[in-house]
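Structure, as structure tokens:
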Amino acid sequence: MPIIHEIATMTAKGQITLPRTVRRALGVDVGAKVAFELREDGQIVVSRADAEHEDPAIAAFLDLLAGDIRAGRHVRAIPDDLAQNMLEQAQREAGPEGDIDGDIDGDIDGAVAL
């Protein structure tokens with residue numbers, strides 16, 4: 001017996017609206033990615049596309065930010081001088097190559113291998 005059973009109607013463009021109970025169960029909101037997996041037995045599994053890689057701290061921050069936006073509180077950009085200082089600090093920490101987007105070689109202090 002399924003926990004949730006909902007029916008959605010497909011539009012002429014092939015679109016459906018996920019019912020509220022399904023959205024809540026998946027923990028998705030506007031802009032979230034949803035994955036569909038067709039199994040050999042014909043069942044289709046629907047899941048959040050980013051669920052495997054979600055960082056709980058980032059998710060909590062984004063939820064807080066989304067709540068502020070929904071509540072009409074203005075979210076302002078950080079000051080230009082602060083952004084510039086942050087970028088310069090990141091570049092200094094990147095070392096002589098200056099590649100702040102590259103892979104990290106070696107051990108990281110305090111890091112835990114997964």
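Only the coordinates and a few stated rules stand behind these numbers; no lab work does. All figures in this text were calculated on a predicted structure; none of them were measured in a lab.
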### Query
Starting at 0 and stepping by 10 Å, how many percent of the alpha carbon pairs of segment 1-89 end up in each bin?
12, 31, 29, 16, 9, 2
### Query
Residue-wise, which Karplus ³J(HN,Hα) couplings in Hz belong to segment 21-26, taking 6.51 cos²θ - 1.76 cosθ + 1.60, θ = phi - 60°, and x for glycine or proline?
4, 6, 4, 5, 4, 7
#### Entry: Residues with amide H under 5 Å from that of V34, placed H, sequence gap 5 or more
A49
